[in-house]
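J.: Let me give you the structure first, and then I'll get to my questions.
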Amino acid sequence: MSHIGAALARREDIRLAQWAPPGDMDPRVQYAATPNEAEWLAMLMRRGGISHWLRSRPASGAMAAWKLTRMLRSAYRRLDDNIDLYHVNWLQCALPLPANGKPALITVLGNDMRLLRLPGMRAALRRTMRGRNVAICPNASWMETPLREAFGDRAAIAPVPFGIDPRWYAIPRSAEALRRPLRWLAVTRLTANKLGSLFEWSEPLFRDGRRELHLFGPMQEQLDIPSWVHYHGSATPEQLANEWFPGAQGLITLSRHAEGRPQVMLEAMASALPIVASRMPAHADIVANGVTGSLCDTPQDYADALVSLEDPATHLRMGMAARAWAAREIGTWDDCAARYVCVYRQLLEQPVHG
């Protein structure tokens, strides 16, 4: 979200007020949280965010979600006189929008799709959309159909992919840079669903040391990590870009989680890293099987994908195809901001949709 805020702030036609956890922020952005709100939001981030809190401690997480909703309602009302349009990240954050008729762009991730299964949630969101122009902007096209079925009579459904920082496109890629033993990377939050079959399918392929599996990400569930896995904990984007991506063989994700369009996969593709991924809609939306990486249904698919991508010519061909796709279809955060601004203008110019 900081990337989106910074990209919007760089535009001359936007004056941005941002309600978010405290952190580095472009000086052109008006920080909209009060000191008390900022302190609470910082605590929320230290706990892994509201979704993680709800999963790990449902009772206290529900209370936190209620408090977050009340804070948002207060912030929306406090800023009401000074804004023309709301840019709301995630469906649940649209619930407390005031009934003032001002247009709203609402972004959607994969997690939001699970929210729609909760009793009464669709009806509550539809009430929020009444009397204003709304664009619902998932960050991946596979979400377009279910969102259209739920809200197409009240809102425009307009997929808008997030951008990619230019530094990922600048990472050099050559066969000579590949390390021995071959390094494969997995970058993910550590939960059972996010890891999927990673340990099970990888063990017979990595135990002998000819390959190395390097795992990065915060431990969000208590999981046993096999001794043959090189677990590094969380890594900064700078560490991944400077130390790990340049010499890696590829990025692996065997997630079973409700993904939207995983940002780390986009960054890997911009870095000309091929992807080996479980076959699911979010991954198939990004990875062209046999062109920019491999989609796997079985342990044998997975083993074949690793062997194929360990051929230097195949690695470079698929990696450069992945980079070309990312540049063409995703671009940078400035490209993402431009896509959002086009939607803003449409919302502001068209008659109010009842």
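The values are calculated or read from the model by the stated rules, or taken from the named source; none is laboratory data. Remember, predicted model here, so these are calculated numbers, not experimental data. Counting neighbours? That spans all protein chains shown, and the Cβs are built from the backbone with ideal geometry, glycine included.
J.: Checking the conditions here, which among 22, 27 is assigned by TED's automatic domain parsing to the domain that holds residue 80, within 27 Å of residue 218 (Cα to Cα) and either part of a loop (DSSP other than H, G, I, E, B) or out of contact with any Asp or Glu (no Cβ under 8 Å at 6 or more places or on another chain) (or both)?
T.: When all the criteria are applied, what remains is 22.
J.: So, one more: For the stretch 299-310, indicate whether the set of residues that are out of contact with any strand residue (DSSP E or B) (no Cβ under 8 Å at 6 or more places or on another chain), modelled with pLDDT under 95 and not in a loop (DSSP other than H, G, I, E, B) is non-empty.
T.: no
J.: May I pose another question? If residue 129 meets every condition in (1) over 23 Å from residue 5 (Cβ atoms); (2) at pLDDT below 95 apart from one, which number is that one?
T.: With (1) over 23 Å from residue 5 (Cβ atoms); (2) at pLDDT below 95 applied to residue 129, the lone miss is (2).
J.: Then there is this: Check the stretch 252-267 and report whether any residue there is β-branched (Val, Ile, Thr), surrounded by 24 or more Cβ atoms within 10 Å (Cβ to Cβ) and closer than 24 Å to residue 137 by Cβ.
T.: yes
J.: Assess whether residue 168 counts as being under 30 Å from residue 341 (Cβ atoms) and at pLDDT below 90.
T.: no
J.: A further question follows. Restricting to strands (runs of 3 or more DSSP E) lying wholly in the stretch 191-297: which have 1 or more residues that are farther than 18 Å from residue 171 by Cβ and of a type in the set (Ser, Thr, Tyr)?
T.: It comes to 229-231, 250-253, 275-278, 293-296.
J.: Let me ask another. In this structure, is residue 284 under 25 Å from the mean Cα position of the chain (by Cα), surrounded by 15 or more Cβ atoms within 10 Å (Cβ to Cβ) and either at pLDDT 95 or above or under 22 Å from residue 136 (Cβ atoms) (or both)?
T.: Here the answer is no, as residue 284 does not meet what is asked.
J.: Would you check which residues across the stretch 162-177 are part of a loop (DSSP other than H, G, I, E, B) and either on the phi > 0 side of the Ramachandran plot or out of contact with any helix residue (DSSP H, G or I) (no Cβ under 7 Å at 6 or more places or on another chain) (or both) and list them?
T.: Answer for the stretch 162-177, where residues must be part of a loop (DSSP other than H, G, I, E, B) and either on the phi > 0 side of the Ramachandran plot or out of contact with any helix residue (DSSP H, G or I) (no Cβ under 7 Å at 6 or more places or on another chain) (or both): 170, 172, 174.
J.: Among the residues in the stretch 251-261, are any polar (S, T, N, Q) and farther than 22 Å from residue 206 by Cα?
T.: Within the stretch 251-261 (the criterion being polar (S, T, N, Q) and farther than 22 Å from residue 206 by Cα), the answer is no, since none of the residues qualifies.
J.: Give me the residue from the stretch 24-40 that is touching a helix residue (DSSP H, G or I) at 6+ places or on another chain (Cβ under 6 Å) and surrounded by fewer than 16 Cβ atoms within 10 Å (Cβ to Cβ) and, out of that set, nearest to residue 82 (Cα to Cα).
T.: Among those that are touching a helix residue (DSSP H, G or I) at 6+ places or on another chain (Cβ under 6 Å) and surrounded by fewer than 16 Cβ atoms within 10 Å (Cβ to Cβ), it is 28.
J.: Can you go through 311, 297, 335, 304 and tell me which one is within 30 Å of residue 13 (Cβ to Cβ) and either surrounded by fewer than 21 Cβ atoms within 10 Å (Cβ to Cβ) or assigned by TED's automatic domain parsing to the domain that holds residue 108 (or both)?
T.: Exactly one residue qualifies, and that residue is 335.
J.: Go through the stretch 76-90 and give me each residue that's surrounded by 15 or more Cβ atoms within 10 Å (Cβ to Cβ), without any contact (Cβ under 8 Å) to a residue 40 or more places away in the chain and closer than 18 Å to residue 130 by Cβ.
T.: 76, 86, 88, listed by residue number.
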